[in-house]
1. If each of A:Val91 and B:Leu204 carries a label point 7 Å out from its Cα toward its Cβ, how far apart are those two points in nm?
2. In the stretch B:252-295, which chymotrypsin sites (Phe, Trp or Tyr not before Pro) fall in coil by DSSP and have 14 or fewer other Cβ atoms within 10 Å?
3. How many nm separate the modelled label positions at A:Phe184 and B:Leu245, each set 7 Å beyond the Cα in the direction of the Cβ?
4. Hey, with R₀ at 56 Å, roughly what FRET efficiency would B:Thr148 and A:Phe25 work out to, going by the Cβ-Cβ distance, to 0.05?
5. Would you mind getting me the FRET efficiency between A:Val15 and A:Leu287? Use the beta-carbon distance for r and R0 = 25 Å, nearest 0.05.
6. Find how much the distance from A:Leu8 to A:Met155 grows on full extension, using 0.36 nm per residue of separation minus their present alpha carbon separation; answer in nm with one decimal.
7. Looking at the square roots a ≥ b ≥ c of the eigenvalues of the Cα gyration tensor of the protein assembly as shown, which shape do they give, rounded for a/c under 1.5, prolate if a/b is larger than b/c, or oblate?
8. Binned at 10 Å from 0, what are the whole-percent values of the Cα-Cα distance distribution for the stretch B:1-90, short to long?
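Derivation of every value follows stated rules applied to the coordinates shown; laboratory data play no part. Just so it is clear, the structure is predicted and the values come from calculations on it, not from any experiment. Cβ atoms come from the backbone with ideal geometry, glycine included; neighbour counts cover every protein chain shown.
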Amino acid sequence: MKGLPPVLITAIVLVAGFALCAMQFPNIASTRVVGNLLTDNAFLGIVATGMTFVIISGGIDLSVGSVIGFTTVFVALAIERWGVPPLVAFVAILALSAAFGAAMGAVIHVFDLPPFIVTLAGMFLARGASFLLSTESVPITAPIYSTVSDFALRMPGGGRLTAIAIIMLVIVIGGALLLHLTRFGANVYALGGSRTTASLMGVAVGKMTIKIYMLSSLLAGIAGIVFSFYTSAGYSLSAVGVELDSIAAVVIGGTLLTGGQGSVIGTFLGVLIQGLIQTYINFDGTLSSWWTKIATGVLLFAFIALQQGLVALARRPVAKRVGAAS
Amino acid sequence: MTALLPRRGLAQILALIVILAVDRLVSPQFFDLRLQDGRLFGSLIDVLNRGTPVALLSLGMVLVIATRGIDLSVGAVMAICGAIAASLADSHGLPIVLAAALGAGLVCGLWNGFLVAVLGMQPIVATLILMVAGRGIAQLITEGRIVTFSSPDLVWLGNGSVLGLPVPVVIALGMLLLTGAVVRGSALGLLIEATGGNARASELAGVGTRAMILSVYVWCGVCAALAGVIAAADIMGADANNSGLWLELDAILAVVIGGTSLFGGRFSLVLAVLGALIIQTMNTGILLSGYPPEFNLLVKAVVVLAVLLLQSPKFSGLAGIAARLRRTKA
């Protein structure tokens, strides 16, 4: 890899952005704000970790936002109306979302269909199913919810590292280890590089595809549970458009959308950058929330253009060397 | 029998007839039409009228998909152009309003086309940028409010009628004829299909693939702009948050139902519009049947899956094998 790797550029953008924000509003540079940043973006961090695996493998998963919405409604109804113990409800919804992801992966592989359109159907299906369960917001009053919401590790400076922030950090670290240190992770990269090559090298392409989408949906299910902790309610319209936020985080984190390259840490930094923009807008007070979208769009463009430039640069020296040799 | 019926599009026409029949079952007045104040009223006209935005979007989308691309930004472009039209409507004449809105759509299309054709970005990614940022831009134009207007000219565009038909339907029909004439009346359609079939081979064969790709995105932007203006005219206001929300998915769905492959190549304008009508007939039917509108999403998901499976080469391969097995047994 010549020049700066994309992850490093993401890190520089995050640090520089944080420094600029802190210069204007010194209060941003406190553990309280950082703690809130992690808590507010916990569900996004979890979902984006799963999305990183999917995108590195050369696919895309548009259904994650709907799976989060379905999870919050299902958990709320199970606990409040059906009287299921919370932990049983969590296990049930995780099994359900994993099965949902596996089914999408199976359809993609067996019928050789574009992931984009299959997960689009999955998005409609999960959102429609959550509407069928309930169109109202269902508050959750189970004691475990107040216990989890109240739990927090004190950081120096008065910041609170909440339970859901800790869950997110654990998943990000676990995801990074899984992607970079295991055979499964290596296979994900291989799939994204080239399906045919991967298959010839002995990767079980079908099984891998199913597992990758299963992982993404499972993490979306966990994100849904975290989201229900965050809002203490289940609502079928929650997390609309989260699939776009998480794709944006993955791209800003330096993962190639064509697959084959990327990292979980980069995605985590991408989530933090989006959170930072939101925090800045909250601090400023005069800027409206739609600036978040425009800023995210500009960042997306900048990072994709950068990737395009890097790819072009990587090709050029080879051509020159060939020319010099002849 | 095969001579009487078109070989392509048979499935779509049958699907539409079946859905219409189901609609007739749930609502006995479904086919009733009546003339009032020189305008036709009835559920069928409603279907046409409500289906207009998606039909217009699918006209642009089908060309983009034919070049093996996709345009996710059409919903956001609708919001931008609707916002522009609404904020200019009360201070300027209709020609200026239309020119500004369509011009904005053209610029959006140029941007997408530039990213895909010149910078060589993947279409999903390139148009994702405008999809995310576009709604922000639209809200910037409306300053976060819902801009309302009362200009009778623009309202006519959404609610008026020509020869008994609602104006939006006439516009959509006109756009279908115009697009059809330009694309199929010349070699343009063939060149677009060539670009989608194999861009590299077409480039080598002398097709200006970059110009082709750029122009389909521009056309898609213009169609989205028109859809946005009509949507704004219909409700006499522009809602930057909700105008055209998720319609890009409906437009893609319409194109897929219309039998155009997402892998580029052959396309059909008429079938894409027919796809949009099928979606709308389904929506109207669900509304009339008294089921909650939320049911829509589930039905759509099932339809997408069914159409995809039918189109999948693997699936037809399985069917072929099954047929051969049966023949050998017999």
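1. Placing both labels 7 Å along Cα→Cβ, they lie 6.0 nm apart.
2. Details: sites: B:Phe263, B:Phe267, B:Phe295; in loops: B:Phe263, B:Phe267.
Sparse-neighbourhood loop chymotrypsin sites (Phe, Trp or Tyr not before Pro): B:Phe263.
3. Each label point lies 7 Å from its Cα, and together they span 3.6 nm.
4. FRET efficiency, B:Thr148 to A:Phe25: 0.95.
5. Numbers: r = 22 Å, r/R0 = 0.88.
About 0.70, to the nearest 0.05.
6. Going from the current span to full extension adds 50.3 nm.
7. Rounded is the answer for the protein assembly as shown, as its axis ratio a/c remains below 1.5.
8. Pair shares across the bins are 12, 26, 32, 25, 5, 0.
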